[in-house]
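Colleague: One structure follows; several queries about it will come next.
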Amino acid sequence: MRKKSSIGGKIFMALIFLFLYAPIFVLIVFSFNKAKSRTQWTGFTFDWYKELFSDSSIMNALYTTLAVSIIAALVATVVGTITAVGLSKMSRRWRSPLLTINNIPVMNAEIVTGVSLCLLFVFLGSFLKFNLGFGTLLIAHITFDIPYVILSVMPKIHQMDNNLMDAAQDLGCTWFQAFRKVMIPEIMPGIVNGMIIAFTMSIDDFVISYFTAGSRVETLSMRIYSMTRKQISPKINAISTLLFVSVLVLLVIINVRQSRQEAKAKELERKLVNK
Amino acid sequence: MRTKFLAVPYVVWMAIFVVAPIILVVIYAFTTADGSFTLGNFSNMLDYLSVFGRSFYLAFISTVICILIGYPIAYILSKQGARFQRAVIMLFMLPMWMNFLLRTYSWMSILENTGLLNRFLNFIGLPSISIINTQAAVVIGMVYNFLPFMILPIYSVIVKIDRSLIEAAQDLGGNSVAVFRRVLFPLSLPGIISGITMVFVPAVSTFVISQLLGGGKQMLLGDLIEMQFLGSAYNPHLGSAIALVMMIVVTIFMYIINKFGDGEEQAVML
């Protein structure tokens, strides 16, 4: 029944891609624009890319964003994986309500998570004498990252044969050795996937950061938001273009490698069959 | 070694950073600034009924448009070759890696009265259209930002549907409408439902899209809440009450949608 889709279907898909990529195209093109205007093309320049690296507010925002995303993703991956292992050994009676609570930050509107954490930090801050800043921003990111790691590690633990851990321990491993040498390699795809999702969520987050970072710390998204109130400098277009191109290159490499591996596997299969 | 105790640290973490903040929202919603109990925050909210109405209306319209575009796309895609599918899925995810504020801001350049769209229209001899700062612009922004979240879950369900079921339905004399209505649609419903959740919740609570593309003239629930916490109208008690009501309405809505989905699935099995 594998019928190639009609011309109409292809045109429809092309139009949707035009819709999805038009703003990105505009953004990239205007990072090379001479004037500051975002609709009037006045000539080609690399100036914004040069100026970008000497703009301390954008560079600081970039460092904050990268630092918070990397630390939060790493912490969330470790904590999330350990928690998923613990949860998988719990009885259903305990596990289901805990997983439901774990889902709250995923399901809830971002703004609700943001303002509720904001209330908590202000409340705790008045007792413990701290202000909103990098610390609260990081805690907020870890809090909304962990659920994604747990959700991506849990299925891998369930797919794993329970006897493997027991067998390793019967053969003389301590629990920790068995965990490190047997369980971790088995659930690795889930861990990596969880870490990538966590990092992506963190780096793209605006709403939760906005409510939890206070006024002295700024992520790139927050920098952009405060600029949208006046006018966005083409420098921001430039840095976004750089980030976008690096992700694009990374994805293409991963995709090409995957296709190559698949092609190799097929080749090998054919050789084996022919023998 | 009792493995299950490994979960204890995170359970404590959740109690502090997930459960306690929501309890605080509830407490704030029912108190005044000096800490005494009140229902005033909820009665004050009546002034903003139009904002509630507009938010749910625009989120609803956007969700419907996302289904109408996303479903055919997911379906067409599921019939292509494996490599093509993977490449296209990657292309759907890729825009998410560009900061979403900037992508939305970029729509301003396109939709403005002297923007790129109108220039293009004038260039080919058509009159200008005025979209920016209207509800249409906000809906475009919502559909643009959340469409991938509708396509991906529907696609991942459709691609797993056993093709022989559709062939069987056709062999048994079903025309394409009947096959879609009785077989394909019910089987892909779980994907549509998770797509609805992933589009509707962010759409109803956004404040960036309405500020940039609605020009502050299309105030949504998100704007209202943001104003109470960080904006001009500082009043976290009212803000908490609005957030609480929004959370409850959305939860009820999702519960109904999920029930509807369960019912359909059972109907298919019978």
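The values are calculated or read from the model by the stated rules, or taken from the named source; none is laboratory data. Predicted, not measured: the structure shown is a model, and the values here were computed from it. FYI the Cβ positions are ideal-geometry reconstructions off the backbone, even for glycines, and counts take in every protein chain you see.
Colleague: Considering only residues that are of a type in the set (Phe, Trp, Tyr) and within 7 Å of chain A (Cβ to nearest Cβ), look in the range B:4-52 and name the one that is surrounded by the most Cβ atoms within 10 Å (Cβ to Cβ).
Modeller: B:Tyr28
Colleague: Further question on the same structure: Out of all the residues in the range A:223-275, which are among the polar types (S, T, N, Q) and in contact (Cβ under 8 Å) with a residue 12 or more places away in the chain? Can you show your working first?
Modeller: Going residue by residue through the range A:223-275, those that are among the polar types (S, T, N, Q) are A:226, A:228, A:231, A:233, A:237, A:240-241, A:246, A:255, A:258-259, A:261, A:274.
Passing the criteria: A:Gln231, A:Ser233, A:Asn237, A:Ser240, A:Thr241.
Colleague: Provide a single number: the residues in the range A:135-156 that are more than 30 Å from A:Val217 (Cβ to Cβ) and either surrounded by fewer than 19 Cβ atoms within 10 Å (Cβ to Cβ) or among the basic types (Lys, Arg) (or both).
Modeller: Total meeting the criteria: 2.
Colleague: For A:Thr42, indicate whether it is of a type outside the set (A, V, I, L, M, F, W, C) and surrounded by 18 or more Cβ atoms within 10 Å (Cβ to Cβ).
Modeller: no
Rundown of residues vs (1) β-branched (Val, Ile, Thr); (2) surrounded by fewer than 21 Cβ atoms within 10 Å (Cβ to Cβ), yes/no style:
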position	(1), (2)
B:Ala74	no, no
B:Arg83	no, yes
B:Val88	yes, yes
B:Thr114	yes, yes
B:Thr134	yes, yes
B:Gly141	no, no
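Colleague: In the range B:137-178, how many are among the small types (Gly, Ala, Ser) and closer than 14 Å to B:Val199 by Cβ?
Modeller: Final tally of qualifying residues: 1.
Colleague: Would the range A:34-53 turn up any residue that is in contact (Cβ under 8 Å) with a residue 60 or more places away in the chain, within 9 Å of chain B (Cβ to nearest Cβ), more than 28 Å from the chain's Cα centre (by Cα) and part of a loop (DSSP other than H, G, I, E, B)?
Modeller: Within the range A:34-53, one or more residues are in contact (Cβ under 8 Å) with a residue 60 or more places away in the chain, within 9 Å of chain B (Cβ to nearest Cβ), more than 28 Å from the chain's Cα centre (by Cα) and part of a loop (DSSP other than H, G, I, E, B).
Colleague: In the range A:102-132, how many are hydrophobic (A, V, I, L, M, F, W, C) and assigned to a loop (DSSP other than H, G, I, E, B)? Step through it out loud before you land on a result.
Modeller: Kept after step one, since they are hydrophobic (A, V, I, L, M, F, W, C), are these residues of the range A:102-132: A:104, A:106-107, A:109, A:111-112, A:115, A:117-124, A:127-128, A:130, A:132.
Restricting the remaining residues to those that are assigned to a loop (DSSP other than H, G, I, E, B) gives A:109, A:130, A:132.
Of the residues in that region, 3 qualify.
Colleague: Hey, B:Met150 hits all of (1) over 16 Å from B:Leu212 (Cα atoms); (2) out of contact with any Cys (no Cβ under 7 Å at 6 or more places or on another chain); (3) crowded, with 20+ Cβ neighbours inside 10 Å but one; which does it fall short on?
Modeller: Unmet for B:Met150, out of (1) over 16 Å from B:Leu212 (Cα atoms); (2) out of contact with any Cys (no Cβ under 7 Å at 6 or more places or on another chain); (3) crowded, with 20+ Cβ neighbours inside 10 Å: (2).
Colleague: Now a separate question. How many residues does the range B:7-55 contain that are in contact with a Ser or Thr (Cβ under 6 Å, 6 or more places away or on another chain) and among the β-branched types (Val, Ile, Thr)?
Modeller: Number of matching residues: 4.
Colleague: Out of B:Val11, B:Val25, report the one residue that is more than 25 Å from the chain's Cα centre (by Cα), modelled with pLDDT of 95 or more and among the β-branched types (Val, Ile, Thr).
Modeller: Of B:Val11, B:Val25, the one residue that is more than 25 Å from the chain's Cα centre (by Cα), modelled with pLDDT of 95 or more and among the β-branched types (Val, Ile, Thr) is B:Val11.
Colleague: In this structure, is B:Pro153 assigned to a helix (DSSP H, G or I), within 11 Å of another protein chain (Cβ to nearest Cβ), under 30 Å from B:Gly222 (Cβ atoms) and not acidic (Asp, Glu)?
Modeller: So B:Pro153 does not fit the description; no.
Colleague: Looking for whichever is within 19 Å of the chain's Cα centre (by Cα), of a type in the set (Gly, Ala, Ser), crowded, with 22+ Cβ neighbours inside 10 Å and away from every other protein chain (no Cβ under 11 Å) here; the options are A:Ala109, A:Ala67, A:Ala72. Which one fits?
Modeller: After applying the criteria, what remains is A:Ala72.
Colleague: Return a yes/no flag: does the range B:166-183 have any residue that is under 30 Å from A:Lys230 (Cα atoms) and either more than 13 Å from the chain's Cα centre (by Cα) or not in a loop (DSSP other than H, G, I, E, B) (or both).
Modeller: no
Colleague: Taking the range A:75-106 as the search range and keeping residues that are touching a residue at least 60 places away in the same chain (Cβ under 8 Å) and at the interface with chain B (Cβ under 7 Å from one of its Cβ atoms), which one is nearest to the chain's Cα centre (by Cα)?
Modeller: Selected residue: A:Val79.
Colleague: Here are the criteria: (1) buried (at least 24 other Cβ atoms within 10 Å of the Cβ); (2) more than 7 Å from chain B (Cβ to nearest Cβ); (3) of a type outside the set (A, V, I, L, M, F, W, C). Tell me which single one A:Ser116 does not satisfy.
Modeller: (2)
Colleague: Which numbered condition in (1) under 30 Å from B:Ile242 (Cβ atoms); (2) surrounded by 15 or more Cβ atoms within 10 Å (Cβ to Cβ) is the only one that A:Phe127 fails?
Modeller: Every listed condition holds for A:Phe127 apart from (2).
Colleague: Next question, about the same structure. From the set of residues in the range B:113-150 that are modelled with pLDDT under 95 and among the β-branched types (Val, Ile, Thr), which is farthest from A:Ala22 (Cα to Cα)?
Modeller: B:Thr134
Colleague: For A:Ile197, indicate whether it is surrounded by fewer than 21 Cβ atoms within 10 Å (Cβ to Cβ), in contact (Cβ under 8 Å) with a residue 40 or more places away in the chain and within 14 Å of the chain's Cα centre (by Cα).
Modeller: So A:Ile197 fits the description; yes.
Colleague: Confirm whether B:Pro236 is modelled with pLDDT of 90 or more, more than 21 Å from B:Ser62 (Cα to Cα) and not acidic (Asp, Glu).
Modeller: yes
Colleague: Is it the case that A:Leu99 is closer than 30 Å to A:Ile184 by Cα and either of a type outside the set (Ser, Thr, Tyr) or not in a helix (DSSP H, G or I) (or both)?
Modeller: yes
Colleague: If you take the residues of the range A:156-177 that are in a loop (DSSP other than H, G, I, E, B) and at negative phi, which of them is nearest to the chain's Cα centre (by Cα)?
Modeller: The qualifying residue nearest to the chain's Cα centre (by Cα) is A:Met160.
Colleague: Could you name every one of the helices (runs of 4 or more DSSP H) located completely within the range A:187-275 that has at least 1 residues being of a type in the set (Phe, Trp, Tyr) and at pLDDT 90 or above?
Modeller: Correct list: A:207-212, A:220-228.
Colleague: Output the residues belonging to the range A:1-39 that are of a type in the set (S, T, N, Q) and loosely packed, with under 14 Cβ neighbours inside 10 Å.
Modeller: A:Ser6, A:Ser37
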